[in-house]
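Here the structure comes first, spelled out in structure tokens, and everything after it is commentary.
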Amino acid sequence: MKAENWGRSVVPISYELIRKDAVIIGGGLAGLTAARSLELSDGMSLAVLAPGTGASPYVHGFNIPLHEADSVACFINDTLKSGYYQSESQLVDILCSESLNLPSLLETFGIRFDRGEDGGYKLLRPLGASWPRVASVGNTTGVTIMKRFRAELAARENVTFYNTLRAMRLIMGDEGVANGVLAYDTKRQSWVCLKAKVVILASGGFGNIFPFSTNTDDIGGDGIAMAYEAGVPLVDLEFVQFEPSAAVYPQSLRGKGMITTLFYEGAVLRNTGGERFMLQYGPTGEQVDKDRLSQAIYREIRAGRGTAHDGVFFDATGVGRARLDKSYQLYVKRYADCGIDLAAEPVEIAPAPHTTLGGVAIAPDCSTKLSALFACGEVVGGIHGANRIGGNAGLETLVFGGRAGKAAGRYLSGMDRTPMSSQAWKTRLDELLNFVSSQEKKELLTAKRMVELRTRMEQLLSGSLNVVRCAADLQPAVAGLGEMLAGLDYTAVKDNGPELYRKLRLHNDLTTAYLLALAALERIESVGCHVRTDSVSESGERYRIQIRKGTGGAVVEKVPLS
Ligand SMILES: Cc1cc2nc3c(=O)[nH]c(=O)nc-3n(C[C@H](O)[C@H](O)[C@H](O)COP(=O)(O)OP(=O)(O)OC[C@H]3O[C@@H](n4cnc5c(N)ncnc54)[C@H](O)[C@@H]3O)c2cc1C
């Protein structure tokens, strides 16, 4: 249906204006840590947009070199090696050395890492680590920390949580300066513009744009798309880490990961014929990096040796009931609730997108290319390189969340720029609102069409951007996603409320999928979790694929790593 007849009758967007000094997009561990660390002078205020909890409640623990034989140097070495030397080494140094601050930071909240009877820390050994290194707080590490941080922040008069606001676009003030956030209130179904002097992006990873992932529904492509639209360079988007062992059955557990530290305790993988297929890849079997495990499982399934639900068997029966009950209650209970005894029978798992290692390019203080925009947590890139060690993502949220908050506070207190006038800001906002809601001579975007576009996007992602990739699949994916995105720009919606919101969410997810496909096509060799079956060479060259928005579309560059 053509839109000309009804397009012009659509009313301009109305919105509520909220003025704050700082806005944080995201209420996961990174956003909360940034909020805690952001020092506000008297009279200043902070808004935290937290429409969900993201991946953070699932954090089982953090890597800290607390084992007597371990050291910061060894931790740095493991992290660089596991990342295939594609990380930004300065960021890795910060991550590993500042991990040692965590025990005392958390103790100020009365949170103590688990210790054994001998008084030493209880540490698990993640894949890719030389020593046991994951420190945790029972089985509720992420949840416990989030609760305490949130409670402390909620008690501060100058901090307001907005649990129904989803950020859709950054509002740009002067050239190259982030000056606020355009958000949608999903409860009241209306738009809100937050005017702020500084913005911190902490919206988590984008694994949820895939149809099958371990991520929650509140996270997705918004953060990457918002940064891209505002002109912020993005790096390493092609590095999507798959969780090798996400449940494919039973349905109620679909996407929930089985912890891979169990492979150091006697758990093994078997194909449908009962064969321990990982021994074909080397004598250490399942004790390899997550990316190698994912690739082997993916190939096993593709070769027709998978289970009824397109997975392989994760057999933890060799671990023993006593050990499972003592250290892995969460997983034992999860399956027991579905009538499955982990100590007695194998379960079906397959690789699923889990954490995204690429994202917003940051400096060590979490500043970005835009003035007044800082970023932290899974939405940033450059720390984990081409493969992440389990326990390093949670650590990243606390270390870099703290840095982002401090840097944003310094920015606020030292601001030498005259804030733009309200009238000038409103003009910029109006331009943005007109742009996102433009209805001139456009096709009507029906609900059916939106479903078709999302389904097609998901098919391209799981078909072409899965565990293994090749140019023959990536080229049509780039073309298809690019076409869908361009087509979406030429559609109009029936109303400027829920329909426009749904369109922008789809636009953000499609933008992120398109940029991911572009990056994956550009990196022509296999490295870490980015596996190209058509890879001609592995040069060992250290570079990043950087993408930014140019006047004619996405600009893709190969930038050498220092
Ligand atoms: C199942 C699972 C288990 C994991 N286990 C571990 C582990 O044991 N150890 C480890 O190190 N890492 C682990 N990870 C990875 C780790 O959890 C994440 O990398 C980390 O928690 C990310 O934190 P974050 O604060 O950056 O993002 P998140 O915790 O994902 O939070 C993102 C926040 O942004 C909000 N948000 C998103 N979009 C918008 C928007 N448009 N507007 C406003 N707000 C928005 C979300 O609602 C949420 O509040 C795990 C991940 C998963 C999925």
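The values are calculated or read from the model by the stated rules, or taken from the named source; none is laboratory data. Computed from a prediction, not measured in an experiment: that's the story for all the values here. With ideal geometry, Cβ positions are generated from the backbone for all residues, glycine too; neighbour counts draw on all protein chains shown. Note: accessible area is taken over every heavy atom of the protein model, side chains too, but ligands, DNA and RNA are not part of it. Shrake-Rupley method; radii C 1.70, N 1.55, O 1.52, S 1.80 Å.
Scan the stretch 216-238 residue by residue and report those that are within 13 Å of the ligand (Cβ to nearest atom) and either surrounded by 22 or more Cβ atoms within 10 Å (Cβ to Cβ) or assigned to a helix (DSSP H, G or I) (or both). Before you say what the answer is, go through the steps one by one.
Step one: list which residues in the stretch 216-238 are within 13 Å of the ligand (Cβ to nearest atom), which gives 216-227, 229.
Correct list: Ile219, Gly220, Gly221, Asp222, Gly223, Ile224, Ala225, Met226, Ala227, Glu229.
Please pick out the residue among Gly205, Gly274 that is within 30 Å of Ala316 (Cβ to Cβ), assigned to a loop (DSSP other than H, G, I, E, B) and near the ligand (Cβ under 10 Å from one of its atoms). Break it down into steps so the answer makes sense when it comes.
Details: Gly274 fails: near the ligand (Cβ under 10 Å from one of its atoms).
Only one candidate qualifies: Gly205.
Within the stretch 507-522, track down each residue that is crowded, with 23+ Cβ neighbours inside 10 Å and touching a Lys or Arg at 6+ places or on another chain (Cβ under 8 Å).
Asp509, Ala520
Evaluate the stretch 374-382: report whether one residue or more is more than 10 Å from the ligand (Cβ to nearest atom) and of a type in the set (D, E, K, R). Break it down stepwise before answering.
Step one: list which residues in the stretch 374-382 are more than 10 Å from the ligand (Cβ to nearest atom), which gives 374, 381-382.
Of the ones still in play, those that are also of a type in the set (D, E, K, R) are none.
For the stretch 374-382, residues more than 10 Å from the ligand (Cβ to nearest atom) and of a type in the set (D, E, K, R): absent.
Tell me yes or no: at least one residue of the stretch 289-297 is surrounded by 20 or more Cβ atoms within 10 Å (Cβ to Cβ), modelled with pLDDT of 95 or more and within 16 Å of the ligand (Cβ to nearest atom).
No, because not a single residue in the stretch 289-297 is surrounded by 20 or more Cβ atoms within 10 Å (Cβ to Cβ), modelled with pLDDT of 95 or more and within 16 Å of the ligand (Cβ to nearest atom).
Can you confirm whether Thr551 is more than 30 Å from Ile389 (Cβ to Cβ), open to solvent by 40 Å² or more (accessible area, probe 1.4 Å) and among the hydroxyl-bearing types (Ser, Thr, Tyr)? Don't jump to the end; show me each part of the working.
Details: more than 30 Å from Ile389 (Cβ to Cβ): yes; open to solvent by 40 Å² or more (accessible area, probe 1.4 Å): yes; among the hydroxyl-bearing types (Ser, Thr, Tyr): yes.
Criteria met by Thr551.
Can you tell me how many residues in the stretch 303-322 are surrounded by 16 or more Cβ atoms within 10 Å (Cβ to Cβ) and not aliphatic (A, V, I, L, M)?
Going residue by residue through the stretch 303-322, those that are surrounded by 16 or more Cβ atoms within 10 Å (Cβ to Cβ) are 306-307, 311-317, 319.
Of the ones still in play, those that are also not aliphatic (A, V, I, L, M) are 306-307, 311, 313-315, 317.
Of the residues in the stretch 303-322, 7 are surrounded by 16 or more Cβ atoms within 10 Å (Cβ to Cβ) and not aliphatic (A, V, I, L, M).
Exactly one of (1) within 15 Å of Gly401 (Cβ to Cβ); (2) more than 7 Å from the ligand (Cβ to nearest atom); (3) of a type outside the set (A, V, I, L, M) is unmet by Asp42. Its number?
Asp42 satisfies all of (1) within 15 Å of Gly401 (Cβ to Cβ); (2) more than 7 Å from the ligand (Cβ to nearest atom); (3) of a type outside the set (A, V, I, L, M) except (1).
Look through Arg428, Arg417 and report the one residue that is open to solvent by 30 Å² or more (accessible area, probe 1.4 Å) and either of a type in the set (Phe, Trp, Tyr) or at pLDDT 80 or above (or both).
Details: Arg417 fails: either of a type in the set (Phe, Trp, Tyr) or at pLDDT 80 or above (or both).
Only one candidate passes the filter, namely Arg428.
Go over the candidates Glu458, Glu499 one by one and state the one that is open to solvent by 40 Å² or more (accessible area, probe 1.4 Å) and either within 25 Å of Arg169 (Cα to Cα) or touching a residue at least 40 places away in the same chain (Cβ under 8 Å) (or both). Steps first, answer last, please.
Values: Glu499 fails: open to solvent by 40 Å² or more (accessible area, probe 1.4 Å).
Unique residue meeting the criteria: Glu458.
Is it fair to say Glu431 is free of Cβ contacts under 8 Å to residues at least 24 places away in the same chain and not hydroxyl-bearing (Ser, Thr, Tyr)?
yes
Just one of Gly339, Gly359 is closer than 30 Å to Asp217 by Cβ and under 25 Å from the mean Cα position of the chain (by Cα); which is it?
Working: Gly339 fails: under 25 Å from the mean Cα position of the chain (by Cα).
Unique residue meeting the criteria: Gly359.
Could you say whether any residue in the stretch 96-109 is open to solvent by less than 60 Å² (accessible area, probe 1.4 Å) and part of a loop (DSSP other than H, G, I, E, B)?
yes
If you take the residues of the stretch 52-67 that are surrounded by fewer than 24 Cβ atoms within 10 Å (Cβ to Cβ) and more than 19 Å from Leu127 (Cα to Cα), which of them is nearest to the ligand (Cβ to nearest atom)?
Going through the qualifying residues, I end up with Gly52.
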